[in-house]
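J.: The structure's right below; bear with me while I get my questions together.
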Amino acid sequence: MSESEKTAYTASGRTPSRPWVGALLSSLTFLGAAWLLAYTLFDLPPVEALGPWNYVGVVGIVVVDALLGKLWRGADYVRPTNTSRV
């Protein structure tokens with residue numbers, strides 16, 4: 001491990017989340033939106049069979065998505081150089 005990798009996260013002391021956490025977070029967001037649109041716009045037999053319970057399923061996905069979003073940690077910003085204007 002190089003010196004820059006050791007000191008890259010010293011600001012908060014926390015390492016960023018694994019890449020699959022962000023992928024799961026995005027996937028759940030799109031899944032909830034697709035489920036809601038499928039129930040409200042289309043007459044699909046498997047979705048229609050659940051009736052109003054579709055809303056409970058979508059709210060469950062939104063709650064899991066919100067909790068997962070609270071657990072996600074991005075990387076701390078480290079200026080590339082002392083003269084950087086970014």
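The values are calculated or read from the model by the stated rules, or taken from the named source; none is laboratory data. All figures in this text were calculated on a predicted structure; none of them were measured in a lab. Cβ sites come from the backbone with ideal geometry, for glycine too, and all protein chains shown count toward neighbours. Please note that ligands, DNA and RNA were not included when accessible areas were found on the heavy atoms of the full protein model with its side chains. Shrake-Rupley method; radii C 1.70, N 1.55, O 1.52, S 1.80 Å.
J.: Could you list, in sequence order, the residues of the stretch 25-53 that are in a helix (DSSP H, G or I), open to solvent by 90 Å² or more (accessible area, probe 1.4 Å) and over 30 Å from residue 73 (Cα atoms)?
T.: 41, 45, 46, 53
J.: Still on this structure, I have one more. How many of the residues making up the stretch 56-74 are assigned to a helix (DSSP H, G or I), surrounded by 11 or more Cβ atoms within 10 Å (Cβ to Cβ) and touching a helix residue (DSSP H, G or I) at 6+ places or on another chain (Cβ under 8 Å)?
T.: Summing the residues that are assigned to a helix (DSSP H, G or I), surrounded by 11 or more Cβ atoms within 10 Å (Cβ to Cβ) and touching a helix residue (DSSP H, G or I) at 6+ places or on another chain (Cβ under 8 Å) in the stretch 56-74 gives 8.
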